[in-house]
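Some notes on the structure that comes next.
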Amino acid sequence: AQKITQTQPGMFVQEKEAVTLDCTYDTSDPSYGLFWYKQPSSGEMIFLIYQGSYDQQNATEGRYSLNFQKARKSANLVISASQLGDSAMYFCAMREGRGNAGNMLTFGGGTRLMVKP
Amino acid sequence: DTGVSQDPRHKITKRGQNVTFRCDPISEHNRLYWYRQTLGQGPEFLTYFQNEAQLEKSRLLSDRFSAERPKGSFSTLEIQRTEQGDSAMYLCASSYWGTTNTGELFFGEGSRLTVL
């Protein structure tokens, strides 16, 4: 079974509008972390936001917020006030185990976001 | 700039040749990771080091692949007898493993390999 599933291969959003990118995950480990990365055409993976499994509040970082629904095992990324520079691939990833003991990140297949002017 | 750097950025080689990629992590980071990313897919884990010790290897890392991190600083990833299926972006990432961190990885810009 896929550990990270991103069901939207591509998304369009109008500039200045909000957009939600979906991510569901599968783990039996009670301690895990969820990440979102942005990958522009240059190729570098840019960290956006993190949510720990024990965090009570949804994570926010500027225009990015993470809609964490633990019972549904979903961790959707919300981008508010989209900008043309937000056009990129977006990857959801999971680390199983605690941050000081866990190992690699497992990535989903990504969602290509295209912002229309 | 003190980010993760990778070299070369692009490599074109003929099938059967050997190639080597280098990664210089962020200096205070003690963990270093290699990932492979094919077109339109998410990165797939290959291997990681804590300091100079290689702690985990994916089954994707066939015996033609070898990674080293001498002295716990830079790392090299060598692919011997390249095959066309090795064509991909090879991403390096580093992180600091300590008592209070999330496990966030910092990535380089990748080394793109094309095997003809």
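The values are calculated or read from the model by the stated rules, or taken from the named source; none is laboratory data. Since we're looking at a predicted model, the values are computed, not measured. Virtual Cβ from ideal backbone geometry, glycine too; neighbours counted across all protein chains shown. The accessibility values were calculated without ligands, DNA or RNA, using every heavy atom of the protein model including side chains. Shrake-Rupley method; radii C 1.70, N 1.55, O 1.52, S 1.80 Å.
The table below lists the values:
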{"item": "Alpha-carbon spread of chain B, three principal axes, descending order, Å", "result": "44, 26, 24"}
{"item": "Rounded, prolate or oblate (a/c below 1.5 giving rounded, otherwise prolate when a/b exceeds b/c) for region B:34-101 by Cα gyration tensor", "result": "oblate"}
{"item": "Charge dipole (debye, nearest 20) of region B:48-97; +1 at Cβ of Lys and Arg, -1 at Cβ of Asp and Glu", "result": "60 debye"}
{"item": "Amide H contacts of A:TYR32 (H built 1.01 Å from N, under 5 Å, at least 5 apart or other chain)", "result": "A:SER53, A:TYR54, A:GLY97"}
{"item": "Rounded FRET efficiency, nearest 0.05, which uses the C-beta distance separating A:LYS16 from B:SER58 and R0 of 30 Å", "result": "0.10"}
{"item": "Entries of A:LYS70/A:LYS116; A:LYS70/B:LYS57; A:LYS3/A:LYS70; B:LYS11/B:LYS57; B:LYS11/B:LYS71; A:LYS3/B:LYS71 with Cα pairs more than 22 Å apart", "result": "A:LYS70/A:LYS116; A:LYS70/B:LYS57; B:LYS11/B:LYS57; B:LYS11/B:LYS71; A:LYS3/B:LYS71"}
{"item": "For the pair A and B, total buried accessible area rounded to nearest 100 Å², probe 1.4 Å", "result": "1800 Å²"}
{"item": "Once exposed loop trypsin sites (Lys or Arg not before Pro) are cut out (DSSP; at most 15 other Cβ, 10 Å), longest piece of chain B", "result": "B:16-58"}
{"item": "Nearest-20 debye value, region A:1-51 charge dipole, Cβ charges on Lys, Arg, Asp, Glu", "result": "40 debye"}
{"item": "Charge tally in the Cβ shell below 15 Å around A:ARG112, where Lys, Arg are +1 and Asp, Glu are -1, A:ARG112 excluded", "result": "0"}
{"item": "Taking chain B and dividing mean pair separation by its residue count, relative contact order in percent (alpha carbons under 8 Å, at least six apart)", "result": "36 percent"}
{"item": "Cβ-Cβ FRET estimate between B:ARG9 and A:ASN67, R0 fixed at 30 Å, reported to 0.05", "result": "0.25"}
{"item": "Placed amide H near B:GLU56: partners under 5 Å, 5+ positions off or other chain", "result": "B:TYR48"}
{"item": "Solvent-accessible area, 1.4 Å probe, carbon plus sulfur percent, for the protein assembly as shown", "result": "46 percent"}
{"item": "Ratio of Rg to Rh over the protein assembly as shown (Cα coordinates, Kirkwood Rh, two decimals)", "result": "0.97"}
{"item": "Selected from A:TYR54, A:LEU84, B:TYR35, residue furthest toward positive end of dipole (the protein assembly as shown; charges at beta carbon)", "result": "B:TYR35"}
{"item": "³J(HN,Hα) computed for each position of region A:15-30 - Karplus, 6.51 cos²θ - 1.76 cosθ + 1.60, integer Hz, glycine/proline x", "result": "3, 6, 8, 8, 9, 10, 9, 8, 8, 10, 9, 9, 7, 9, 7, x"}
{"item": "Cα→Cβ-extended label distance, 7 Å offset, between B:ILE26 and A:ILE46, nm", "result": "1.6 nm"}
{"item": "Neighbourhood net charge (9 Å Cβ-Cβ; Lys/Arg +1, Asp/Glu -1) for A:ILE79", "result": "0"}
{"item": "Sum of side-chain charges, B:GLN50 neighbourhood, beta-carbon under 11 Å (Lys, Arg +1; Asp, Glu -1)", "result": "0"}
{"item": "Relative contact order computed over region A:50-117 (Cα-Cα under 8 Å; 6+ residues apart), in percent", "result": "23 percent"}
{"item": "Chain A - percent relative contact order, Cα under 8 Å, separation 6 or more", "result": "37 percent"}
{"item": "Chain A - Debye-derived log10 I(q)/I(0), Cα point model, q = 0.16, 0.19, 0.23 Å⁻¹", "result": "-0.70, -0.97, -1.37"}
{"item": "Cα centroid separation - region A:1-23 against region B:58-116, whole Å", "result": "27 Å"}
{"item": "List of region B:33-47 residues, accessible area with partners at least 50 Å² below that of the chain alone (1.4 Å probe)", "result": "B:PRO43"}
